[in-house]
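Trainee: My structure is below; once you've seen it, I'll send some questions.
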Amino acid sequence: MKKILAFLLLLVFILNMLPDSTIVKADTDEVGISQSEVNFKNDFRRLWIDHVLWTSNYITSATTAGAEDQEQVLSRLLKNQEDIGNAVKPIYGDDAGEQLTTLLKEHIVIAGKIVEAAKSGDDDLVNQLDKEWYNNADDIAAFLSEANPHLKNEDLQKLLYMHLELVTDDLVASLEKEWDDRIVAIDEGLSHIILMADTISKGVVNQFPEKFDQ
C-alpha cells in the first residue's frame, strides 16, 4: 500500500511539473458541434426512444386481459408520430413533415392490426399484414432517402427492417409470456432505435449544416 501511495504522489508531482501544452485539454470550440446540433440530435433521439417505449406499452395493453388503457396508449403513440413529423418541419417544410407523419401513423396502424391478428391466431392475416408493414418501411426509407442525399435507401431499409423484427420479438414474447425474452427485445429495440435516430439526424445535419451553426 505504501509503495502504491508513493507512486501516486510521484505521478502527481511529475504531472504538475509538465508544461500546460503537454496536457490535452477539452475545448468545446475545437469539437465543432454547435448547441443547436446537440439539441436537435438529442430531441430527435428522444422522440424515437418514445416511439419504441410507447409501442411496447401498447403491446402490453393490447395483450393483457382486462387492460383498460389501450385506447389512451394508442392515442399517445400516434401523437409520437406527429411529434416526429413536426421535428423535421423546420428543415423540410410542413408538407414533408405531414407526409412523414402519415407514413409513421400507417406504420403504427398496421402494427396494431398485426397485434390483433396474432392474438386471434390468424397466421394468414398476420403474414398479409406483415408484408404491408415491410412495404410501409420501404416507403419511409424511400421518402427519407429522396429528401436527403446523405441517407441511403438501402441503409434506411436495413435499419427499419431491424426495428420491425425487434417489435415482432417484443410481441411474440409478450403473447408467449416469455418475460425474459421480452426484456431482451425491448432493450435491443431501444439500442437499435438510438442508432437509427442518430443516423437520420446526422444525415440532416450534414445536408443543412448552416441550420446548425449556432
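The values are calculated or read from the model by the stated rules, or taken from the named source; none is laboratory data. None of the values given here were measured: they were computed from a predicted structure. So basically every Cβ, Gly included, is an ideal-geometry build from the backbone, and we count neighbours across all protein chains shown.
Trainee: Based on this model, can you work out whether Phe212 counts as among the aromatic types (Phe, Trp, Tyr) and at pLDDT below 95?
Mentor: Judged against the criteria, Phe212 is a match.
Trainee: Would you kindly identify the helices (runs of 4 or more DSSP H) lying entirely within segment 1-67 that contain at least 1 residues that are at pLDDT 90 or above and closer than 26 Å to Thr199 by Cα?
Mentor: Answer list for segment 1-67: 35-63.
Trainee: Moving to a separate point now. Name the single residue that is surrounded by the most Cβ atoms within 10 Å (Cβ to Cβ) among those in segment 149-170 being among the aliphatic types (A, V, I, L, M) and either over 14 Å from Leu190 (Cα atoms) or modelled with pLDDT under 95 (or both).
Mentor: Top of the filtered list is Leu156.
Trainee: Contact list please: Cβ distance under 9 Å, first residue in segment 89-112 and in a helix (DSSP H, G or I), second residue modelled with pLDDT under 95 and surrounded by fewer than 18 Cβ atoms within 10 Å (Cβ to Cβ), pairs at least six apart or on different chains.
Mentor: Short answer, once both residue conditions are applied: Pro90/Lys211; Ile91/Lys211.
Trainee: Under 9 Å by Cβ, and 6 or more places apart or on different chains, what pairs join a residue from segment 187-210 that is without any contact (Cβ under 8 Å) to a residue 40 or more places away in the chain with one that is part of a helix (DSSP H, G or I) and small (Gly, Ala, Ser)?
Mentor: Final answer for the pair search is none.
Trainee: Between a first residue in segment 67-88 that is free of Cβ contacts under 8 Å to residues at least 60 places away in the same chain and over 30 Å from Lys202 (Cβ atoms) and a second residue that is small (Gly, Ala, Ser) and in a helix (DSSP H, G or I), which pairs have beta carbons less than 7 Å apart while being 6 or more apart in sequence or on different chains?
Mentor: Ala67/Ser61; Asp69/Ser61; Gln70/Ser61; Gln70/Ala62; Val73/Ser61; Leu74/Gly112
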